[in-house]
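Structure first, commentary second.
The values are calculated or read from the model by the stated rules, or taken from the named source; none is laboratory data. Keep in mind that this is a model prediction, so the values were computed, not measured. Counting neighbours? That spans all protein chains shown, and the Cβs are built from the backbone with ideal geometry, glycine included. Accessible surface areas use protein heavy atoms only, side chains included; no ligands, DNA or RNA. Shrake-Rupley method; radii C 1.70, N 1.55, O 1.52, S 1.80 Å.
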Amino acid sequence: MERKKYVDYIKAIGIILVVVGHVNFANSLMKAWIYSFHMPLFFFATGLIIRSERIDKHYILKKTKSLLIPYVIWGVLYSGYSLSNLLKIGYGSYYALSAADSLTSLWFLNTMFLSLLMVQIILKIKNDYIKLLFTMIMLFVALSLKKIERGYPWCFDIACISSSFVLLGYFWEKYHKRFKYVSNYVIVLIGFALTMIYRSNLQNCNGYVLMANGRIGDPVLFIGTALGGCLGVYGVTKILTNIVQAGKIQKTLIYLGKNTLAIFLIHKPVIEVFEKMFSLYRMHWGIELVITTSGTLVVSCVIGRLIASMTPCLVGKA
């Protein structure tokens, strides 16, 4: 199956937004806007390329190597090995990772693993209307679950939400061509216009959405901004696919898209180095943000490439 360049572009934009969102001196409203859709964007992108597969030993092993092995190894590397920390990492919620003093961003890996299993079960249904019904049911159940102090094992509640965005990506890719008179520019306009309602949700989610622990605020506003962001970025990447045919920009975006996991796993400590540097040499926050973001991406890619050449399973490439 031919690789879809615009999906790599989506992932590239997504990982850039992740890095920007994790820079502590970024503008607070900018961060709140980014957080309103940047994680659903990765699940939506997965849905654009997903297809029904047998949930057999081969499938489980493949996803274990690409998601769970990096999750456990990096979880231990960031927290330090102890039986207590290992049990917390095994529990797999955002709060458990935080209690283990590990990288809380790792929630994405086990959540993606669980989401893919859920989605594959639903994709076995032949009727798309029933698939869509199950998607809505799963989303409703996830939003209705009572929050618990330790979080659900393996972020089960978040995985249900994430599964819904994977399936929404699947349905969009399958049926959007029916709207052939709607240009990508219109999709961008409508999508990003929807994200502007994120401000209405700020008080409901204590300043900004944190999907990792289920802090999404008003469910309707969350779904609206998240879906809007997904469609907005999708439209941008489809336009870029037509404009950027070759050259360094295309190669850079594709490289970032193919290496989002490595960047995701490595970037936070790199950001901390830049933040310490700028604590000594102050500049305008916008300049600091650009330097930190671009520098973090470059350094993370270099480190990721070195790791992949020696131990590819650490960055999900086994």
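Answer yes if at least one residue in the range 227-245 is without any contact (Cβ under 8 Å) to a residue 24 or more places away in the chain and among the aliphatic types (A, V, I, L, M), and no otherwise.
yes
Can you confirm whether the range 256-272 contains a residue that is aliphatic (A, V, I, L, M) and without any contact (Cβ under 8 Å) to a residue 12 or more places away in the chain? Outline the logic, then answer.
Just the residues of the range 256-272 that are aliphatic (A, V, I, L, M), to begin with: 256, 261-263, 265-266, 270-271.
After this cut, where a residue has to be without any contact (Cβ under 8 Å) to a residue 12 or more places away in the chain as well, the list is none.
The answer is no, given that none of the residues of the range 256-272 is aliphatic (A, V, I, L, M) and without any contact (Cβ under 8 Å) to a residue 12 or more places away in the chain.
What's the total number of residues in the range 177-188 that are aliphatic (A, V, I, L, M) and open to solvent by 50 Å² or more (accessible area, probe 1.4 Å)?
Looking only at that region, the number is 2.
So, of the residues in the range 199-223 that are touching a residue at least 60 places away in the same chain (Cβ under 8 Å) and over 18 Å from the mean Cα position of the chain (by Cα), which turns out to be nearest to Leu106 (Cα to Cα)?
Gly207
Inspect the range 25-45 for any residue being within 20 Å of the chain's Cα centre (by Cα), buried (at least 16 other Cβ atoms within 10 Å of the Cβ), of a type in the set (A, V, I, L, M, F, W, C) and over 28 Å from Leu227 (Cβ atoms) and give the result as yes or no.
Checking the range 25-45: not a single residue is within 20 Å of the chain's Cα centre (by Cα), buried (at least 16 other Cβ atoms within 10 Å of the Cβ), of a type in the set (A, V, I, L, M, F, W, C) and over 28 Å from Leu227 (Cβ atoms).
Give just the number: which of (1) open to solvent by 30 Å² or more (accessible area, probe 1.4 Å); (2) outside any helix (DSSP H, G or I) does Gly217 not satisfy?
(1)
Going by the structure shown, is Lys174 farther than 18 Å from Thr46 by Cα, open to solvent by 10 Å² or more (accessible area, probe 1.4 Å) and in contact (Cβ under 8 Å) with a residue 24 or more places away in the chain?
no
Are any residues in the range 146-157 without any contact (Cβ under 8 Å) to a residue 60 or more places away in the chain and either among the β-branched types (Val, Ile, Thr) or open to solvent by 20 Å² or more (accessible area, probe 1.4 Å) (or both), and if so, which ones?
The answer is Lys146, Ile148, Glu149, Arg150, Tyr152, Phe156.
So which residues in the range 294-318 are under 25 Å from Met112 (Cα atoms) and of a type in the set (S, T, N, Q), if there are any at all?
Scanning the range 294-318 gives Thr296, Ser300, Ser309, Thr311.
Could you tell me whether the range 189-196 includes any residue that is farther than 12 Å from Cys230 by Cβ, open to solvent by less than 10 Å² (accessible area, probe 1.4 Å) and within 22 Å of the chain's Cα centre (by Cα)?
So far as the range 189-196 goes, no, none of its residues is farther than 12 Å from Cys230 by Cβ, open to solvent by less than 10 Å² (accessible area, probe 1.4 Å) and within 22 Å of the chain's Cα centre (by Cα).
Can you pull out the helices (runs of 4 or more DSSP H) entirely within the range 26-143 that have at least 1 residues that are more than 27 Å from Val233 (Cβ to Cβ)?
Per the criteria, 57-63, 69-79, 83-91, 94-99, 107-123.
Do the conditions hold for Val315, that is, is it at pLDDT 95 or above and either aliphatic (A, V, I, L, M) or touching a Leu at 6+ places or on another chain (Cβ under 7 Å) (or both)?
Taking the combined requirement at face value, the residue does not satisfy it.
Would you mind stating whether Ser52 is open to solvent by 50 Å² or more (accessible area, probe 1.4 Å), more than 19 Å from the chain's Cα centre (by Cα) and hydroxyl-bearing (Ser, Thr, Tyr)?
Taking the combined requirement at face value, the residue satisfies it.
Do the conditions hold for Leu256, that is, is it under 18 Å from the mean Cα position of the chain (by Cα), at pLDDT 95 or above and closer than 21 Å to Tyr71 by Cα?
yes
Which members of the range 72-94 meet the condition of being touching a residue at least 40 places away in the same chain (Cβ under 8 Å) and buried (at least 20 other Cβ atoms within 10 Å of the Cβ)?
Trp74, Gly92, Ser93, Tyr94 - these are the residues of the range 72-94 that are touching a residue at least 40 places away in the same chain (Cβ under 8 Å) and buried (at least 20 other Cβ atoms within 10 Å of the Cβ).
Can you work out which of the residues in the range 197-214 that are assigned to a loop (DSSP other than H, G, I, E, B) and open to solvent by less than 60 Å² (accessible area, probe 1.4 Å) is farthest from Tyr35 (Cα to Cα)?
Restricting to residues being assigned to a loop (DSSP other than H, G, I, E, B) and open to solvent by less than 60 Å² (accessible area, probe 1.4 Å), the top hit is Gly214.
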